[in-house]
Amino acid sequence: MNRLILHVDMDAFFAAVEELDRPELRGKAVIVGGTPRGHGVVATANYEARKYGVHSAMPAARAAKLCPDGVFVRPRMGRYSALSHTVMEVLGEFSPELEQISVDEAFLDITRSLRLANGPIDMARRIKKRIREATGGLTASVGLAPNKFLAKVASDLEKPDGLVVVEPGQELAFLAPLPIERIWGIGPRTAELLHSRGYYRIASLQNRSQAELAANFGEDFGTHVFRLANGQDDRPVVTEHERKSVSAETTLENFLAEDNRDAIASVLLALSEEVSERMRHESIWGQTLTLKVRDEKFRTRTRSRTLGEPIQLTDSIYRTALEIYEKRVHLDGLRVRLLGVGLSHLIVSRPRQLDLLDGPVEKRSQRVEKAVDAIRDRLGRTAITRGRLLGKKRR
Ligand code: TTP
Ligand code: MG
């Protein structure tokens, strides 16, 4: 049976919230995060500011230059979280099979919930309308498709306020004209490599057999690309209580030498921090740490270690990941192109007796990380960054 998967993504989320709360901003180019004098980075910009080329993660100084009339607004994380919650509650009204991906994004499996509407497209329209009502006027873009990958691509195609449907049987035709960068895992570096081999549109990948792609890009990545390019993705929508792991990974802009310990450590620290932040936010701990390393030839290695007790803090995650890297990863001189850190064997609240085992150091570190969370909630993600992540060496 065909599945019906929705991907919902709020439009220019933080900026849209600011426009909602401050009508005087409407019609102007709004940039959230950073300052006009050029400190910090942009969290997001509204569609008006995007016309000037401003986008997320851009240094504020550059944004100010590109868009001199842009209004810089300080992030209000508490307000965004509250509205995020509202949106997720609306989605939960339509189906219990809800998987939140980020602050403004979720998958919803509506295969079994259709009785609430007059067919899937009607359900998608109702969801958009309910989100608008419940938030006081925010718009979402929705993709409706037989699987997660197609739904995610679809929701992004007609932003803002989009609704794009991929009918079963239309998967190949839908993907064919799109650039290869639409495929998960094909970032700028990989795209460059693929371009040099003549692959630009997904159609060019659809012409290749699985064996050819596996021979070119390694068994894992080649198979992944083959499946997605052909619109195949059977990952289920995983609701919160079924979730098995929390992980973060990144493809490196510049490949790192296997023995570039400092640079590898910095990346692992940033990933550990991301994982820890999510775990702390949801009050979950994990007992098995998995490190993922992909080399420049696309060979992927994963190494796991089950610990004596569940962990949650950046420091514990980071130290374990780095130790696994140093002791158990051997790339034979190949460079590193991707690193990932994940925790599994999750528990929702920490067993009581473990609190007694906490040494004073861990207690302090827990307090520090809690304080960091609180400040970030108020001032935004980039308000506090660890010394190491700033690229400065501190001894
Ligand atoms: P996105 O959904 O990626 O972006 P968006 O909602 O602003 O715009 P779009 O219409 O393209 O979906 O991210 C959601 C929010 O997360 C975004 O409003 C701000 C925040 N964010 C950051 O703080 N830093 C980032 O680098 C990104 C990508 C997002
Ligand atoms: Mg969004």
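The values are calculated or read from the model by the stated rules, or taken from the named source; none is laboratory data. Quick caveat: nothing in here was measured; it's all calculated off a predicted structure. We place every Cβ from the backbone using ideal geometry, glycine too, and count neighbours over all the protein chains shown. Areas reflect the complete protein model, heavy atoms only, side chains present, ligands, DNA and RNA absent. Shrake-Rupley method; radii C 1.70, N 1.55, O 1.52, S 1.80 Å.
Quick notes
- Its convex hull of Cα atoms gives the chain a direction-averaged projected area, equal to a quarter of the hull surface, of 21.3 nm².
- Calculated FRET efficiency for the pair residue 259/residue 196, C-beta based, R₀ 25 Å, to 0.05: 0.35
- If R0 is taken as 35 Å, the Cβ-Cβ distance between residue 219 and residue 69 corresponds to a FRET efficiency of 0.10.
- Extension gain, residue 35 back to residue 2 (0.36 nm per residue minus Cα-Cα distance, nm): 7.1 nm
- One decimal place: the segment residue 133-residue 332 gains 65.9 nm when fully extended, by the rule 0.36 nm per residue minus the C-alpha distance.
- For segment 124-140, backbone phi angles converted through the Karplus equation (6.51, -1.76, 1.60; θ = phi - 60°) give residue-by-residue couplings of 4, 5, 5, 4, 4, 5, 5, 5, 4, 5, 5, 9, x, x, 7, 9, 10 Hz, Gly and Pro being listed as x.
- Separation between Cα centres of segment 223-269 and segment 168-192, rounded to whole Å: 17 Å
- Cα centroids of segment 280-342 and segment 1-56: 33 Å apart.
- Ligands, DNA and RNA left out, the accessible area of the chain computed with a 1.4 Å probe is 51% carbon and sulfur.
- Sum of -39500 (n - 2.57) over DSSP H runs of 4+, divided by residues of the chain (222 nm, nearest 500): -12500 deg cm²/dmol
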